[in-house]
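Q: Pasting a structure below so you can have a look.
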Amino acid sequence: MSNNSNPNYFRLGVFVLAAIGVLIAVILIFGGGKIFQKSFMVETYIKQSVTGLDAGAAVRFRGVKIGQVTMIGLSGDIYERDIPFHNRRQYVVVQMQIFGDKVNPDQIDEFVKNNLRARVKSMGITGVNYIEFDFVANASATPPLPYSWKPEYSVIPSLPNQADEIIAGIQKLIGALNDMNIDGTQKKFDALLANLNVLMAGDGKGNEGAIESVKQLNVIMARINKATDKEEISLLVRELVAATTSLRQTITSVQGDTVLTMENIKQASENLNEFSRIASQSPSSLIWSDPPKKITPQGAGAGESGAKK
């Protein structure tokens, strides 16, 4: 019996060895590139929860896979063992293997100065998270997390998880809604609606409202359109020309009458001046038509004239 069973054990052993060899060959063929590919390590520190991120998760740069997560732990267990527990920062330390050998730590530091940041992102609705690298424009709004230890690998600062930011925003909105005076706002809104209704429809006490004003404006516009009709304008221009001609004739006639009147006034003024002069020099002329003749003395002197009298 035992002699007959030995060949079976031998065949079974050969089959197992062959299966192991095939498995190793498959691993080398399909994973050999990754196994023997050169790489370097980086790490990042995260303050929020990393639920859904596990070792082996992809590391991507703008959607392109460039590495994988190798270890996830807490800074208190890795770098802060000698620090009292209540003084530990307890960041989440994520160490990553980046495929490639053409990047050195100095270049990583240069990338970080140019706002290279790491962020935990979710892959669709599956809930599987991964690490996304990208250069961001508003990196100054989220400064890197401070730390006091010497990192094992080059550190790429992190940004808050987008899901956490959305949840924080929703919570902030809910808090603001809770603090809002809903009743007072509702009353103000009702008063605003009432004022708008009065503005549009009027109050029946002299305020006709915007609707009635629009109707009157339409009537005025219709009249303006009628007044600006071409025939109406032509008639208005003809009437204006006729009125201008009549006014010009009137002004010319008035100018002639005005000249004659001014001559009469001038003559009357001269006569009045003459009358005043005569009245002042010879008042008797106002009674007699001719003034008395002037007596001319015959003698040479005034004394002789008196003696003859």
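Q: In the list Gly73, Gly52, which residue meets the criterion of being assigned to a loop (DSSP other than H, G, I, E, B), among the small types (Gly, Ala, Ser) and either under 18 Å from Asn161 (Cβ atoms) or at pLDDT 85 or above (or both)?
A: Selected residue: Gly52, the only one of Gly73, Gly52 that is assigned to a loop (DSSP other than H, G, I, E, B), among the small types (Gly, Ala, Ser) and either under 18 Å from Asn161 (Cβ atoms) or at pLDDT 85 or above (or both).
Q: Only one of Asn178, Asn129 is of a type in the set (S, T, N, Q) and at pLDDT below 80; which?
A: Asn178
Q: What about Met96, is it in a strand (DSSP E or B), of a type outside the set (D, E, K, R) and free of Cβ contacts under 8 Å to residues at least 60 places away in the same chain?
A: yes
Q: Mind counting the residues in the stretch 36-52 that are within 42 Å of the chain's Cα centre (by Cα) and over 15 Å from Phe133 (Cα atoms)?
A: The qualifying residues number 6.
Q: Additional query: Hey, Gln162 hits all of (1) closer than 25 Å to Tyr79 by Cα; (2) in contact with a strand residue (DSSP E or B) (Cβ under 9 Å, 6 or more places away or on another chain) but one; which does it fall short on?
A: Checking Gln162 against (1) closer than 25 Å to Tyr79 by Cα; (2) in contact with a strand residue (DSSP E or B) (Cβ under 9 Å, 6 or more places away or on another chain), the one that fails is (1).
Q: Please go through the stretch 76-93 and give me each residue that is touching a residue at least 40 places away in the same chain (Cβ under 8 Å) and either among the aromatic types (Phe, Trp, Tyr) or part of a strand (DSSP E or B) (or both), ordered by number.
A: Within the stretch 76-93, Tyr79, Tyr91, Val92, Val93 meet the criteria.
Q: Could you run through the stretch 82-128 and say how many residues are under 18 Å from Glu152 (Cα atoms) and exposed (fewer than 10 other Cβ atoms within 10 Å of the Cβ)?
A: So the count comes out to 2.
The values are calculated or read from the model by the stated rules, or taken from the named source; none is laboratory data. What you see is a predicted model, and the numbers here were worked out from it, not measured in a lab. Using ideal geometry, Cβ is built from the backbone for each residue, glycine included, and neighbour counts are taken over all protein chains shown.
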